[in-house]
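See below for the structure under consideration.
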Number of protein chains: 2
Amino acid sequence: MGFRYEIRLSGYGGQGLVLMSIILAEAAGIYDGKFVCQTQSYGPQAWGGSSKAEVIISDEDIDYPKAMNLDLLLAMNQKSCDEYFRDLKQGGTLIVDSTFVQQVPTPRAFSIPFTRIAREELNRELAANIVALGALTQLTAVVSQKSIEAALLTRVPKGTQKLNMDALKAGIKAAKKAKKARMKMEIAPEISEEELRDAY
Amino acid sequence: MGFRYEIRLSGYGGQGLVLMSIILAEAAGIYDGKFVCQTQSYGPQAWGGSSKAEVIISDEDIDYPKAMNLDLLLAMNQKSCDEYFRDLKQGGTLIVDSTFVQQVPTPRAFSIPFTRIAREELNRELAANIVALGALTQLTAVVSQKSIEAALLTRVPKGTQKLNMDALKAGIKAAKKAKKARMKMEIAPEISEEELRDAY
């Protein structure tokens, strides 16, 4: 069986998850030349409620386009984090918007305040999805940054390109910081152990 | 088994099929309260090539989100018409953009020059997808016009709302004309038979 990478983007309706997933899918499918299937589902509960979009990236034709065992979950609100965390595979990547997600189910999650960054650094809360997209690109190697930029510029409305590129970069920067913080956290216990040993 | 309606929108990349399918899916899912699954797939051939997007509308949860037996096929170019016509179920609806599709595989197809209408009536060729969306709404009863309008206004960029509403209406008008023409064509043979009988 070939490479298959399953991503679910989830949060409130209106957070721009569908656009985000299309940019991601087109980056991987059109620019990186992978097989990609991008899906969103709506149920009678969709009105004013939760939204989710899925992207499956593969190096071979995708027979079953539903995500079953997530490699990456982005949760832009608490409800979607609570609801979908169980679908994340062991060792999978959880990224949450810490503006809205206070209770994170694992210490290995990347908590980044996408909406606060969009509001404070870009003066445009609605760009939170593109900030998150930048972070996601940085935290996984599944799409190239160059392809994400190309797909982004094609998909966003004219006149908003600069704002969106700034949002993407803000997300990349925030993700680098989050990565470093996690590395420190992971290294720290060993150092303490070492120090402890030295103490004896 | 409940109601399941499968739609495939196909054509060139860049014809706006993805946006079209999202508006259709949100109209049915968010505004009409149906279960909807919307999918697009990209393969290594996507670059500069064909594009397709699928929408499945159901009155129950959708287990298998790939279209297998189309109720409706929109073909915005000849290649997609040739390639996907075989996936249309018997009695299914074929709608083609006659600006680009010259060889129509069945006399029961609705041939409407979406791109020419967008160019000549709206001065904007890129609105052809919304003209087609209007026609599709008119030719099937699967989504309500009111819901399509609501979803359209939410999805298109600010400042383009009037253009897009005009495009939708142009499509509805063209579809009404096409429907009438087909009814005449279907009735005509009987009239001729009658006339023939009278002649004897």
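The values are calculated or read from the model by the stated rules, or taken from the named source; none is laboratory data. Note that this is a predicted model, so its numbers are computed, not measured. We place every Cβ from the backbone using ideal geometry, glycine too, and count neighbours over all the protein chains shown. Remember, those area values only see protein heavy atoms, side chains included, never the ligands or the DNA or RNA. Shrake-Rupley method; radii C 1.70, N 1.55, O 1.52, S 1.80 Å.
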Residue check for A:THR154: under 14 Å from the mean Cα position of the chain (by Cα) and either assigned to a helix (DSSP H, G or I) or free of Cβ contacts under 8 Å to residues at least 60 places away in the same chain (or both): no
Selected residue (criterion: farthest from A:ALA28 (Cα to Cα)) from residues of region A:103-148 that are part of a loop (DSSP other than H, G, I, E, B), modelled with pLDDT of 95 or more and open to solvent by 80 Å² or more (accessible area, probe 1.4 Å): A:GLN103
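Rundown of residues vs (1) in contact with a Leu (Cβ under 9 Å, 6 or more places away or on another chain); (2) away from chain A (no Cβ under 14 Å), yes/no style:
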position: B:GLY16; (1), (2): yes, no
position: B:ALA28; (1), (2): no, no
position: B:GLY33; (1), (2): no, no
position: B:ASP59; (1), (2): no, no
position: B:CYS81; (1), (2): yes, yes
position: B:ASP87; (1), (2): yes, yes
position: B:SER98; (1), (2): no, yes
position: B:GLN103; (1), (2): no, yes
position: B:THR106; (1), (2): yes, yes
message: Within region B:176-198, does at least one residue satisfy the condition of being exposed (fewer than 11 other Cβ atoms within 10 Å of the Cβ) and modelled with pLDDT of 95 or more?
response: no
query: Name the pairs whose Cβ atoms lie under 6 Å apart, with the first residue in region B:81-99 and open to solvent by 30 Å² or more (accessible area, probe 1.4 Å), the second not in a strand (DSSP E or B), and 6 or more positions between them or separate chains?
result: B:PHE85/B:PRO105; B:LYS89/B:ASN69; B:SER98/B:PRO113; B:THR99/B:PRO113; B:THR99/B:THR115; B:THR99/B:ARG116
